[in-house]
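Where a number appears in this text, it was derived from the coordinates with a stated rule and is not lab data. In this text the structure is predicted, and so the values were computed from the model without any measurement.
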Amino acid sequence: MKKRGQKGYKVQLTEQANQEKEPDFQALQQSLGALDKRMQHIATQMERTQIAEYVDLLNRPFKLMWRNLLAGTARGVGIAIGFTFFAATIVYVLQILGALNLPIIGDYIADIVRIVQMQLDVKSY
C-alpha cells in the first residue's frame, strides 16, 4: 500500500474521483434530456391551448369587451331567428291539425291559431 505522500497515491485518488463523476455526469445528462422533452411537451400543449392569445386579451380589456359585445349580439340575433322559425313551425302544424276537424283537439287548436293570427294582424311592425 502506498503512503499519502507518494505521487502514485494522488493519481489513484484522481482516477477514482473521475470514475465516480462520470456516472453522475451521465445520469445528469439523462435527467436533463428527460426534462427537455417534458418542457417541449408542455410548450406544445400551451401553444395548442392558445394561452398567448388569452393573455393578450386579458391585457387589452377593450378588445375583450368588443369581442364579448359582438358574441352577445350574434347570440341574441340567433335566438330571435331560431324562436321565430320554431313558432312559425308550431303555428303551421296547428293550422294543419285544425283543418283536420278533430273533435276536441280541433276546436282547441282553432282557438289558438285564431288568437295568434289576431295578434299578428294587430301588431304590424
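Hey, what's the Cα Rg ratio for region 18-104 versus the globular rule of thumb, 2.2 N^0.38 Å?
With N residues counted in region 18-104, Rg over 2.2 N^0.38 Å equals 2.58.
Determine, at each q value in 0.15, 0.24, 0.25 (inverse angstroms), the log₁₀ of I(q)/I(0) that the Debye formula gives when each Cα of region 68-114 is one equal point scatterer.
-0.50, -0.77, -0.80
Calculate, in nm to one decimal, what ASP56 and MET39 gain on full extension: separation in residues at 0.36 nm each, minus their alpha carbon distance.
3.9 nm
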